[in-house]
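Notes to accompany the following structure.
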Amino acid sequence: MDWLFTFPHLDDAILTATKKSIDESFRAFTRAYGDLIETLFYPLQLFLNFCEHFMTDTPWPLILLLLLGTAWIASRSWKVVAGTFAILFVIGFLGMWTDTMKTVSMIFVSTIIAVVIGLPIGIALSRSERLRRLINPVLDIMQTMPSFVYLIPVVMLLGIGKVPGLIAVVIYALPPMIRMTDLGIRLVDRDVLEAADAFGSSSGQKLLKVQLPLAMPNIMAGINQTIMMTLAMVVVAAMIGVQGLGQPVLKAIANQYFTLGMFNGFAIVGIAVIFDRVSQAYGLRLQKHREVVHG
Amino acid sequence: MAEDAHAAFGVRIRNLYKIFGPYPERHIAAIKAGMSKAELNEKHHHVLGLRNINIEMPAGGIHVIMGLSGSGKSTLIRHINRLIDPSFGEILVGDQDVVTMAPDELRDFRRHKTAMVFQKFALLPHRTVLDNTVYGLEIQGVPRARQVDAAMRWIERVGLKGFEKRYPNQLSGGMQQRVGLARALTNDAPILLMDEAYSALDPLIRVDMQTVLLDIQKEVRKTIVFITHDLDEALRLGDQIAILRDGEVVQHGTSQDIVLNPADDYVANFVRQVNRGRVVRTASAMTALSPDAAAGLPTIAGDVTVEEAARALRAHQADALTVVDTAGKPIGRITMRDVLTTLFPMPES
Ligand SMILES: Nc1ncnc2c1ncn2[C@@H]1O[C@H](COP(=O)(O)OP(=O)(O)OP(=O)(O)O)[C@@H](O)[C@H]1O
Ligand SMILES: [Mg+2]
């Protein structure tokens, strides 16, 4: 009756051998191409370093002004700017300025990369039903696969550091960018597209002058979600060596430093709130004249 | 010169068929052999859009296409700039066949030869009135200064001066459609396609916009294709009217032809409510000149409406008027009795 209580499965020896041989070949691949791949990602490393140095080496009053200025330009709302100032002030006052700036720089770079990759893919999806059917499951996997799992091959290939952390973050944060771009373009009013066609727009003109501008509110919502997801990855990324607010949290977990954990946790929440409010206010401002109104 | 260029762009539609569905080519033969729209739909799940359309639209006129909802009006007008591809047939604009154009040829054709006004306006909501109006020129790559010059001229002409910085959703429906019209006119294309352009407007604004169109047409002399399901609008605007029913042309002629000789009950139904006095011309209502024509009667032109003849009869306190042709030669006589017969024809027994 033994077989009733154990699910019939491959012989353990075979399983182990299979896993081992796959691991072996991946390791071989890593040994052969690891350096090459690392070189390919080197520009990214430089960009990351540049942004981080800029954020941490520039005198804090300038950075503060820069952040507040950005908040103003995007939101045109004194409330949002005042909120931003309050949060940043508390963060700095509690001694987390440098870590926060490292995290902000990481989020900035991840978001830019997610947009640079996600926007064209989203546009491509909106144009081809077949491609969409193909890519959609991949996006589902990217979103549901526990991030630790795809950290393994990334770390094997690139080791510990900022770039593998960035890659892990981008993989996680990319799907909403792609989905919202695709959705936004698909939702563009058919009548307006027909008008663009009737005036003889080329497909590039249609994209740049009609589809993207009208999809912008949705694209902004995608960017907003992407930012929130990069923030959610801050602690995970810290595990593979990304500096910033995640590292103290890890330290706090390991050593049961309750207050340290709380402070850094709230700092993450604080910048999440800033990014969210600023990008949403910007999205709203974009939307002001965009609804099609008849009659 | 400009007139010559425009004169060359009449529209001729020949043997045009449109079947909607995945395999139109499989059914075109059966349709030509006379299969009905209903049968095509029930047995083969394809929709007959248009059947054997033949229409000549000489350059420089307003050609109205009329019909009830679903009769194929939008389908037909979209064939002229090939927003819809035909299943069979020819569409000749000037001497170009629209059907055989390659994609970039077609794009060029749309940029320079046609402009369109839409029922739901289809303005770009993220652009101001001015930026909407320049759209056609912008995609042609015309320098911005010239775009703005042309656009401002038409914005002013349609009565929107001072609104060029507004966004479409800040304007009323009537104003939005003025933008639609200005956008189309700024393109300065010889052919203007208007798909129920005024159907979404309320009656007063509608009449107003008809006047704007008629006034502008006196200057620009474009070939206008105007779709409506409102007969009064059709009669007011149309030099020629084509009536569609279930994808077929049931009658094509001047407004007077259609009112005086409706081809079938469908058309007769349309024209029943019409004020015939505003459509029928004196030349059609008069009694042809008899040899003993009394001279000395007041005269009236043969191409004015019967309503105006009635007004003249009243003004002159006369029993009859002499109808004269454009050269001033008497061709007939119209009496109050003729007027009444025209306005209230005997019901057919
Ligand atoms: N893309 C399409 N696929 C299938 N059938 C269509 C398509 N477009 C139009 N039709 C059908 O073709 C017929 C004519 O439609 P069309 O839109 O030309 O009518 P219309 O005269 O413009 O009506 P309305 O006054 O309501 O605008 C209708 O039966 C419609 O259902
Ligand atoms: Mg229609």
With respect to the numbered conditions (1) touching a helix residue (DSSP H, G or I) at 6+ places or on another chain (Cβ under 6 Å); (2) at pLDDT 95 or above; (3) more than 14 Å from every other protein chain (Cβ to nearest Cβ); (4) away from ligand 1 (no atom under 15 Å from the Cβ), which one is the sole condition not fulfilled by B:His63? (1)
Could you list, in sequence order, all residues of region B:124-140 that are more than 8 Å from chain A (Cβ to nearest Cβ) and either open to solvent by 40 Å² or more (accessible area, probe 1.4 Å) or among the hydroxyl-bearing types (Ser, Thr, Tyr) (or both)? B:Thr128, B:Asp131, B:Thr133
Working only within region B:97-123, note down all residues that are under 22 Å from B:Asn15 (Cα atoms) and either away from chain A (no Cβ under 14 Å) or within 16 Å of ligand 1 (Cβ to nearest atom) (or both). B:Asp97, B:Val99, B:Thr100
Yes or no: region B:239-262 includes at least one residue that is farther than 21 Å from B:Ile80 by Cβ, within 16 Å of ligand 1 (Cβ to nearest atom), within 17 Å of the chain's Cα centre (by Cα) and open to solvent by 10 Å² or more (accessible area, probe 1.4 Å). no
Spot the failing condition for A:Gly34; the list is (1) open to solvent by 90 Å² or more (accessible area, probe 1.4 Å); (2) within 22 Å of A:Ala168 (Cα to Cα), and only one is missed. (1)
List the residue pairs whose Cβ atoms are under 6 Å apart, where the first residue sits in region A:47-75 and is of a type outside the set (A, V, I, L, M), the second is exposed (fewer than 11 other Cβ atoms within 10 Å of the Cβ), and the two are 6 or more positions apart or on different chains. none
Considering residues that are in a loop (DSSP other than H, G, I, E, B), within 16 Å of ligand 2 (Cβ to nearest atom) and of a type in the set (S, T, N, Q), the number found within region B:34-79 is 2
In region B:158-185, anything small (Gly, Ala, Ser) and within 12 Å of chain A (Cβ to nearest Cβ) is listed as B:Ser172, B:Gly173, B:Gly174, B:Gly180, B:Ala184
Say whether the condition of being within 14 Å of another protein chain (Cβ to nearest Cβ) and crowded, with 16+ Cβ neighbours inside 10 Å is met by at least one residue in region A:240-248. no
Kindly indicate which of A:Val192, A:Val155 is within 14 Å of chain B (Cβ to nearest Cβ), in contact (Cβ under 8 Å) with a residue 40 or more places away in the chain and crowded, with 17+ Cβ neighbours inside 10 Å. A:Val192
Going by the structure shown, is A:Leu183 within 14 Å of chain B (Cβ to nearest Cβ) and hydrophobic (A, V, I, L, M, F, W, C)? no
Could you grab me the full set of residues in region A:164-187 that are open to solvent by less than 10 Å² (accessible area, probe 1.4 Å) and either in a loop (DSSP other than H, G, I, E, B) or within 30 Å of A:Ala28 (Cα to Cα) (or both)? A:Pro164, A:Gly165, A:Leu166, A:Ala168, A:Val169, A:Ala173
Verdict on B:Ala151 being farther than 27 Å from B:Leu244 by Cβ, buried (at least 20 other Cβ atoms within 10 Å of the Cβ) and either away from ligand 1 (no atom under 15 Å from the Cβ) or without any contact (Cβ under 8 Å) to a residue 40 or more places away in the chain (or both): yes
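For every residue, the table says whether it meets (1) in contact with a Lys or Arg (Cβ under 9 Å, 6 or more places away or on another chain); (2) of a type in the set (S, T, N, Q).
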| site | (1), (2) |
| --- | --- |
| A:Leu245 | yes, no |
| A:Val249 | no, no |
| A:Thr259 | no, yes |
| A:Val273 | no, no |
Answer with yes or no whether A:Phe29 is surrounded by 11 or more Cβ atoms within 10 Å (Cβ to Cβ), in a helix (DSSP H, G or I) and modelled with pLDDT under 95. yes
Kindly indicate whether A:Gln205 is polar (S, T, N, Q), open to solvent by 10 Å² or more (accessible area, probe 1.4 Å), more than 28 Å from B:Phe118 (Cβ to Cβ) and assigned to a helix (DSSP H, G or I). no
Tabulated pairs, region B:68-96, first more than 14 Å from chain A (Cβ to nearest Cβ) and within 27 Å of B:Ala268 (Cα to Cα), second open to solvent by 20 Å² or more (accessible area, probe 1.4 Å) and within 16 Å of ligand 2 (Cβ to nearest atom), C-beta under 7 angstrom, 6+ apart or interchain: B:Leu68/B:His229; B:Ser69/B:His229; B:Ser71/B:Arg245; B:Ser71/B:Asp246
Taking only region B:41-60 into account, find how many residues are free of Cβ contacts under 8 Å to residues at least 24 places away in the same chain and either within 30 Å of B:Thr211 (Cα to Cα) or more than 11 Å from ligand 1 (Cβ to nearest atom) (or both). 3
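The values are calculated or read from the model by the stated rules, or taken from the named source; none is laboratory data. Please read all numbers here as calculations on a predicted model, not as lab measurements. Positions of Cβ are generated from backbone atoms using ideal geometry, with glycine treated the same way; all protein chains shown enter the neighbour counts. Side chains are part of the model used for accessible areas, which takes the heavy atoms of the whole protein and leaves out ligands, DNA and RNA. Shrake-Rupley method; radii C 1.70, N 1.55, O 1.52, S 1.80 Å.
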